[in-house]
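See below for the structure under consideration.
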Amino acid sequence: MRDDVRADTPPDNRRLKIKKRKKLAAGIPAVTSSMKHGLQNMGVTRSVKTLTMVNQQAGFDCPGCAWPDPEHRTNFEFCENGAKAVADEATTSRVTPAFFSKYSIQELSEKSDYWLNKQGRITHPMYLAKDSSHYSPLSWDDAFERIATSINSLESPDRSVFYTSGRTSNEAAFLYQAMVRSIGTNNLPDCSNMCHESSGKGLGATIGIGKGTVHLDDFNHADVIMVIGQNPGTNHPRMLTALRDAKLKGAKIIHINPLPEAGLERFKHPQDYMKLNFKTTKLADFHLPVKIGGDAALMKGFIKVHSEHGGLDHAFIEHQTEGYDSMLQKSKSIDWETLESDSGISKEHMGEVGKVLANSKATIACWAMGLTQQPNGVEVIQEVVNLLLMGGHVGRPGAGLCPVRGHSNVQGDRTVGIWEAPPPSFIEKMEEGLQISIPKKHGYDVVHAIRAMRKGEVDVFFCMGGNFISATPDTHATAEGLRKVGLTVQVSTKLNRSHLVTGKEAIILPCLGRTELDIQETGPQFVSVENSMGIVHQSRGGLQPASKELRSEPWIVAHLSSHLFDDSPIQWKSMVENYDNIRDLMERSLSGFEDYNTRVRQDNGFLLPNPPRDSRTFTTPSGKAQFTTHELPNVSVAEDRFVMMTIRSHDQYNTTIYDVNDRYRGLSGNRRIVLMNALDMVERGWKNKHPLSITSHFEGEKRHSKGWLAVAYDIPRKNIATYFPEANSLVPLNSTAAISNTPTSKWIQVTLDSELPFVQGDEEE
């Protein structure tokens, strides 16, 4: 046991600096930030080469977000945070065997996540023996033999778990799930379980497909665009261009979020300076500062207004939907006082915005984890569906549902088989293509996998990318589970905390990144990804690999499989001699991938089938879109409690910390902060930087975290926001959304306590 290895982020004693919140996104500061990160990590020549390749048709897909590329691209198709992601991967810093010899895992665990990431690319396969404190190098063959021996000696295949990050390519993910199902299990949790699982469940039940229904071009034809529970300026910056273009064409933009976000206030496209255009664009016409968890009440208010002010598509409702009357009756039965109290938005404000929605001929609704990670995540997304179905805003130009995915291929991974609960039709097609028998029993999602590890029911835990310990809820519970596993394996590009919190034995397999050349026996290879709007396209790296010891993810899966299986209908090693062989197998095994190798080579790739979008048809049991009827969730909390949500800083993407700043929010130097309403602070006699501890409460359990600093911010009263992964230890493992089992990182009941007497100092700089 390695209980002395720190699982959560260490205390942060750096000085917090507070400036005024920014109201303008992008512009010159974004250019400056992009260049700074590029030059610091890559140098001049490498920066120019990578940034002119990112998101180009002959280049590589940005390893950041999944926002789609326009058909007609400029020479610079990246955003500030995309530039950071590229610089982070293409860094010239290296984590070598000498590094691991110098530092024990105990010493490394006391370093910040920012420091760990800054050390650079891992260069060699590494092995952590039982009771050892240091990793040591090993060969690829030795690594595969150790892993294969552990898997093949399992009492049951279900005592193994195979996690996947959203950056894994279609080809790698497909081979990976084929390997796992050949082993005999569906234990395939992935990052979708923690983010957009609620979207998939909510949309699948109502429109027959767990994906969005819009093209990028639809933004050019929309009357109204709703941006709900989302901060595109940080998490999907290229979305701001689409919103800017829509706004210039007359669209109204509604921003629904507890926090104001710079990207939705004013936007300046950096390339406009080259055209001598110095004007900024105000994006959001309305900002509705909804209480955390109040979105369902807000949607029901909009539905009430919509029903009273026209804009209903009666023919669509009558002929292509079910459940309208019940849904409407429920919404109308809830009094305005309740809707105002639960949402934090006045009847007048709901009425004003609701009329805009009722008058719209084409509405797009976009959302992210602000909705999906609520306890009623599935239901609140279905309330959004209800609102759009009323006006027939599906399958028409400029209208539709738009869940905005995170990692660049998180949607593609699910499409090609990373799914712990695949439906029978999927299994049947996959069995036909792979010529193997696939288990029918559903596997573990992320939360169930952690529970199984804590019970001692998992012997091998394999991660294809990601940073599991920092991405998951309830950090200490997750660490407890991981430490009970016999062998943990991480396929990684860079050092992170999941390399430190391990099973009894641990192996790191260093892999190529998106930016790097992938050369196999038949020459240079490309992979493919699926963006947020269902377009599959190729990605081809151009940099020399960070180490000669690096291998591609498909190569790793294929060569491990050759050690695992003596007899398999899948010719594993031949698959990676030429990735066309993988795609041929995918074509036989997946629906919608006909003529894959030809279509993926088209300039802009190809669009996967989507019945609601393509033909306004719905593959539900009745063949009709479903209105759903839900009660309002209980959002009341005790007088002494706050509702906490976790968020990202601007210099962060998922669990990767690029810097210790949050430029748009005016914060820098320290990440252990609590954003809270100034009046709530005044009531307690607190000022900026007041030291706090946070205690979360769930079903009689308490989780405690020290070393936080209060910061006054524009957020509804009794609501607070904290960064993850720092606050993940406060998110209970068993606090999950109904149906989707997604951790409720946007709804945690907490109490706040003063830690030490406050010493006055400079409050702002």
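Given the conditions (1) free of Cβ contacts under 8 Å to residues at least 12 places away in the same chain; (2) surrounded by 17 or more Cβ atoms within 10 Å (Cβ to Cβ), which single one is not true for Phe698?
(1)
Could you list, in sequence order, all residues of region 547-581 that are under 26 Å from the mean Cα position of the chain (by Cα) and either assigned to a helix (DSSP H, G or I) or at pLDDT below 95 (or both)?
Glu553, Pro554, Trp555, Ile556, Val557
Examine region 292-313 for a residue that is in contact with a strand residue (DSSP E or B) (Cβ under 6 Å, 6 or more places away or on another chain), basic (Lys, Arg) and either outside any loop (DSSP other than H, G, I, E, B) or under 15 Å from Met226 (Cβ atoms) (or both), and state whether such a residue exists.
No, region 292-313 contains no residue that is in contact with a strand residue (DSSP E or B) (Cβ under 6 Å, 6 or more places away or on another chain), basic (Lys, Arg) and either outside any loop (DSSP other than H, G, I, E, B) or under 15 Å from Met226 (Cβ atoms) (or both).
Mind counting the residues in region 582-596 that are surrounded by 17 or more Cβ atoms within 10 Å (Cβ to Cβ) and out of contact with any Asp or Glu (no Cβ under 9 Å at 6 or more places or on another chain)?
Summing the residues that are surrounded by 17 or more Cβ atoms within 10 Å (Cβ to Cβ) and out of contact with any Asp or Glu (no Cβ under 9 Å at 6 or more places or on another chain) in region 582-596 gives 2.
Of everything in region 501-520, what is of a type in the set (S, T, N, Q) and surrounded by 24 or more Cβ atoms within 10 Å (Cβ to Cβ)? Give them in sequence order.
Hits for region 501-520 are Thr502, Thr515.
Val682: at pLDDT 95 or above, over 27 Å from Ala7 (Cβ atoms) and not in a loop (DSSP other than H, G, I, E, B), yes or no?
yes
Report the residue count in region 597-652 for those that are buried (at least 20 other Cβ atoms within 10 Å of the Cβ), outside any loop (DSSP other than H, G, I, E, B) and touching a helix residue (DSSP H, G or I) at 6+ places or on another chain (Cβ under 6 Å).
Selection size over region 597-652: 3.
Among (1) touching a Phe, Trp or Tyr at 6+ places or on another chain (Cβ under 8 Å); (2) touching a residue at least 60 places away in the same chain (Cβ under 8 Å), which single condition is Arg588 missing?
(1)
Working only within region 709-724, note down all residues that are under 26 Å from the mean Cα position of the chain (by Cα) and assigned to a loop (DSSP other than H, G, I, E, B).
Hits for region 709-724 are Tyr713, Asp714, Ile715, Pro716, Phe724.
Tell me, which helices (runs of 4 or more DSSP H) wholly within region 79-168 include 3 or more residues that are surrounded by fewer than 18 Cβ atoms within 10 Å (Cβ to Cβ) and at pLDDT below 95? Break it down stepwise before answering.
Numbers: elements: 80-89, 97-102, 105-109, 113-118, 140-152.
In region 79-168, there are no helices (runs of 4 or more DSSP H) which contain 3 or more residues that are surrounded by fewer than 18 Cβ atoms within 10 Å (Cβ to Cβ) and at pLDDT below 95.
Return yes or no: is Ser498 buried (at least 24 other Cβ atoms within 10 Å of the Cβ) and without any contact (Cβ under 8 Å) to a residue 60 or more places away in the chain? Give the steps one after another, and end with the answer.
Working: buried (at least 24 other Cβ atoms within 10 Å of the Cβ): yes; without any contact (Cβ under 8 Å) to a residue 60 or more places away in the chain: yes.
Yes; evaluated as a whole, the condition is true for this residue.
May I ask you to verify whether Glu480 is at pLDDT 95 or above, touching a Lys or Arg at 6+ places or on another chain (Cβ under 6 Å) and on the phi < 0 side of the Ramachandran plot? Don't jump to the end; show me each part of the working.
Details: at pLDDT 95 or above: yes; touching a Lys or Arg at 6+ places or on another chain (Cβ under 6 Å): yes; on the phi < 0 side of the Ramachandran plot: yes.
Spelling it out, Glu480 is indeed at pLDDT 95 or above, touching a Lys or Arg at 6+ places or on another chain (Cβ under 6 Å) and on the phi < 0 side of the Ramachandran plot.
Mind checking whether some residue in region 420-434 is within 19 Å of the chain's Cα centre (by Cα) and at pLDDT 95 or above?
Yes, because at least one residue in region 420-434 is within 19 Å of the chain's Cα centre (by Cα) and at pLDDT 95 or above.
Within region 520-532, how many residues turn out to be assigned to a loop (DSSP other than H, G, I, E, B) and in contact with a helix residue (DSSP H, G or I) (Cβ under 6 Å, 6 or more places away or on another chain)?
If we filter region 520-532 for residues that are assigned to a loop (DSSP other than H, G, I, E, B), which is where we start, we get 521-522, 525-526, 531-532.
Narrowing further to those that are in contact with a helix residue (DSSP H, G or I) (Cβ under 6 Å, 6 or more places away or on another chain): 521-522, 525.
Residues in region 520-532 being assigned to a loop (DSSP other than H, G, I, E, B) and in contact with a helix residue (DSSP H, G or I) (Cβ under 6 Å, 6 or more places away or on another chain): 3 in total.
Which of the following residues is in a strand (DSSP E or B), in contact (Cβ under 8 Å) with a residue 60 or more places away in the chain and over 26 Å from the mean Cα position of the chain (by Cα): Lys706, Lys687?
Working: Lys687 fails: in a strand (DSSP E or B).
Answer to the check: Lys706.
Mind checking which pairs have a first residue in region 720-745 that is in the same structural domain as Met645 (by TED's automatic domain parsing) and within 12 Å of Ser198 (Cβ to Cβ) and a second that is buried (at least 22 other Cβ atoms within 10 Å of the Cβ) and basic (Lys, Arg), Cβ under 8 Å, 6 or more apart or different chains?
Ile739/Lys201; Ser740/Lys201
The values are calculated or read from the model by the stated rules, or taken from the named source; none is laboratory data. Remember, predicted model here, so these are calculated numbers, not experimental data. No Cβ is skipped: glycine too gets one built from the backbone with ideal geometry, and neighbour counts run over all protein chains shown.
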